[in-house]
Amino acid sequence: MMNFKSFKFSHLAVMASIVLVGCDSNLMQVEPVNELALEEKTYLGGFNLNELREVTDYSNLRQGDFTGRFLVLSKGPNLPANLERSIAQAGGEVVKTFPEIGVAVVASRAGDFYSKARSINGLESITPDFLLQFTKEPEIRGEAAEIEISAMAGEPFNYQSAFFDGFQWAPASIDAPKAWEHGFTGEGVRVAVIDGGFHSSHIDLAPNLDVASSRSTVPGFNFNQDTGTFWHGTHVAGIVAAAGVGIVGIAPKATIIGIKSLHSGSGAFEWILEGILYAATPRSQGGAGAQVINMSLGAEFPIRELWKEEGFREAFQELQKIYDRATTYAFQNGVTVIASAGNGASNYDVERGLFKFPAQNRHVLSISSTGPTGWLLGNTNFTQLAYYSDHGKALVDFAAPGGTLGLWVVDGYDGFCNLVGTNASSTNYCEVFDMVFSSVRGNSNGNYSWAQGTSMAAPAAAGVAALIIQANGGTLPPAQVRAKMMQSATDLGKPGQDEIYGHGYVNAAKAVGLN
């Protein structure tokens, strides 16, 4: 257990799911930067709870801010019957409970709260909650032009009539069009996207969005609010299930449940935890009733480096147990949980002192990212590991298309290319088109742009999971979804499981039984 009056972390490394937005003179412009900021570090010094700045304005989040709340973990599956009274006697207040996993959220500003609360019978741990950067929004160069396409677009769903037909390399790289042509579109399958804000009136999201089930776990904000014009959650949701008006998602008729657990890429562990539990709870019990959860977010803990740091071991172990209970709850409720592997370019088999939340929690499928270098130059190396992607057998279960600026960042090529689609064209740096094209907030209901990251790879895999579930009668336990993904994935790299692709590069057509 930690003594919060002398609690110290020398530093806590937090991985950001890196994305870049871009466009050209016709659409939205992606402007490369000199190098990606692949790692965000937060420094937490020793503190006294009475002296900490408590967060009250969630529109101006600071990394490392203490939320004024604690995550309380019971020793057994159930919370103690007298928890509220015991917490009050210690100087705190129970503000929320998750009895399904034996966790409560407690608020307190009392300096002696921790020392008193740690003696409460039936509790295993009490851990302070902090705000961390779980995703990083894109950096752009220049002004982004926008286009409204609603008057020109067709009706969902006919992927060949999508306005930006010809702009997406990613679906074909995993053989998704073949699945669509045989009627596998994810129809009837519910996919919860736990992320930032969702542009609910976007023409490619609105047809598939279950607004009634969507919600925010971020205090003071609705699920369809965020900052800027990119909106990470909007881009991710489009990859899963864009309806085919402007672009096509991997599961273009799946139902999207937007769960906002981050704001401007930042969030508290409590917010994400609540998002997981709400998504995984059946609708009959007041939950979202998701069958697939996608989390394009992550926090990395440098375990080996900080293991001897005062308080770190306890905090890490307690958070791991809490999240393991949440992802196990999802698994037991029949939910397939998918997460991005991270963008730190680390091999987790070599750098064994790292742990990634939630990618390495129980029953979570972690996805690495691939992308071509020079698609419009004629290169078709779509399955090449993206230069930023975390990897390693200890981390990765599958690989999927997440895009890459490697043509410029790694190879140093910075020429211009012209992309000519069926209904539109775009001129930009060649490397821009190697990223993933999807929906963004923009300034209208029909804006799109490019981004790269394992944040973009995870929803592609989530879309494949939705296709699998549809192909198997609309319900399938997560263990069987995983097994079918393993059986159908393209075995690249070393035979069998390897550090780059895990069990393989996902294949939508094979996953639904098409040869």
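The values are calculated or read from the model by the stated rules, or taken from the named source; none is laboratory data. The shown structure was predicted, so the numbers you read here are calculated from the model rather than taken from an experiment. With ideal geometry, Cβ positions are generated from the backbone for all residues, glycine too; neighbour counts draw on all protein chains shown. For accessibility, only protein heavy atoms count, side chains too; no ligands or nucleic acids. Shrake-Rupley method; radii C 1.70, N 1.55, O 1.52, S 1.80 Å.
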> Based on what the data block shows, is THR475 modelled with pLDDT of 95 or more, surrounded by fewer than 17 Cβ atoms within 10 Å (Cβ to Cβ), among the hydroxyl-bearing types (Ser, Thr, Tyr) and within 19 Å of VAL337 (Cβ to Cβ)?
Replying inline: yes
> Right, SER200: over 28 Å from THR475 (Cα atoms), open to solvent by 10 Å² or more (accessible area, probe 1.4 Å) and touching a Leu at 6+ places or on another chain (Cβ under 9 Å) or not?
Replying inline: no
> Does segment 352-359 contain at least one residue that is in contact with a Lys or Arg (Cβ under 6 Å, 6 or more places away or on another chain), at pLDDT below 95, in a loop (DSSP other than H, G, I, E, B) and among the charged types (D, E, K, R)?
Replying inline: no
> Would segment 367-380 turn up any residue that is over 30 Å from LEU419 (Cβ atoms), at pLDDT 95 or above and either in contact with a strand residue (DSSP E or B) (Cβ under 8 Å, 6 or more places away or on another chain) or in a loop (DSSP other than H, G, I, E, B) (or both)?
Replying inline: no
> Just for strands (runs of 3 or more DSSP E) wholly inside segment 406-515: which have at least 1 residues that are hydrophobic (A, V, I, L, M, F, W, C)?
Replying inline: 416-420, 436-440, 447-451
> How many residues are under 12 Å from the mean Cα position of the chain (by Cα) and aliphatic (A, V, I, L, M) when one looks only at segment 240-268?
Replying inline: 3
> Counting only residues that are among the hydroxyl-bearing types (Ser, Thr, Tyr), closer than 17 Å to ASP175 by Cβ and open to solvent by less than 40 Å² (accessible area, probe 1.4 Å), how many does segment 355-382 have?
Replying inline: 1
>> Suppose we keep only residues that are under 30 Å from the mean Cα position of the chain (by Cα) and open to solvent by less than 20 Å² (accessible area, probe 1.4 Å) within segment 411-423. Which one would you say is nearest to TRP450 (Cα to Cα)?
In response: LEU419
> Can you find even one residue in segment 483-499 that is more than 25 Å from GLY344 (Cβ to Cβ) and acidic (Asp, Glu)?
Replying inline: yes
> How about segment 187-203: which of its residues are closer than 27 Å to ALA471 by Cβ, assigned to a loop (DSSP other than H, G, I, E, B) and touching a Gly at 6+ places or on another chain (Cβ under 6 Å)?
Replying inline: GLY188, PHE198
> Does segment 331-350 hold any residues that are surrounded by fewer than 18 Cβ atoms within 10 Å (Cβ to Cβ) and within 20 Å of PHE134 (Cβ to Cβ), and which are they?
Replying inline: ALA345
> Within segment 241-266, can you find the residues that are on the phi > 0 side of the Ramachandran plot and touching a Phe, Trp or Tyr at 6+ places or on another chain (Cβ under 7 Å)?
Replying inline: GLY244, GLY265
> Pick from segment 311-330 the residues that are open to solvent by 30 Å² or more (accessible area, probe 1.4 Å) and of a type in the set (S, T, N, Q): which of them is modelled with the highest pLDDT?
Replying inline: GLN320
> Quick one: in segment 96-118, which of the residues that are without any contact (Cβ under 8 Å) to a residue 24 or more places away in the chain and surrounded by fewer than 15 Cβ atoms within 10 Å (Cβ to Cβ) is nearest to the chain's Cα centre (by Cα)?
Replying inline: PRO99
>> Go through segment 232-284 and report how many residues are of a type in the set (Lys, Arg) and open to solvent by less than 10 Å² (accessible area, probe 1.4 Å).
In response: 1
